[in-house]
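Please treat every number below as a calculation from the coordinates, not as lab data. None of the values given here were measured: they were computed from a predicted structure. So basically every Cβ, Gly included, is an ideal-geometry build from the backbone, and we count neighbours across all protein chains shown.
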Amino acid sequence: RAARMKRQEVHQRAQGLADNYRSEKAYKDYATVAPQYVIVRDAANDPSAAGDLSLIFSYMKILDPGSTVREGEFANAQNSGSLPQTLVARYNKLINGERLTAGQRSDFVSSAKRAYDSYRKQKAVIDDAYRKRAERTKVNPDDVLAPDFVSEDGGDGAAAGGSQPKRLTFNPATGELE
């Protein structure tokens, strides 16, 4: 009975730490940006109008992970001046049937990778803090921390040694990842 109570206490501590960890801005931003980076990277290999639109929308989400980017809202963002004019111009050309060049796709991927790396570094800082906190409270850090969603070798999934996260797919009806 005492051992069971102890396991419940450890589980509650782990759950509390995990909840706090997932409420951190650095984690939330990373959790939003990582799948968008994968979409940008994969869309760059699909030289079609649909692939280019997907690349642009995901790139915009990387620039502002707290925003919701939908086609109808793009004009509002353009008018408010919150998006770079070159991005707006490229989007408008895509709507009119023009496609990105291979060089433009490469530039988007490079820029998205730099942004992704920045978010990953911010997540690593909170990972370290929560790992130490978990160890101090006798909780397994793996029960608290989320793995990286994109591995260092460029593949999808958790980095080596981590568990595989849920695979996300884009739902065109809602404009969201599910």
Given K61/K138; K25/K132; K6/K132; K6/K28; K28/K138, which pairs have Cα atoms separated by over 27 Å? K61/K138; K6/K28
Formal net charge of residues neighbouring Y27 (Cβ-Cβ distance under 9 Å; K, R +1; D, E -1): +1
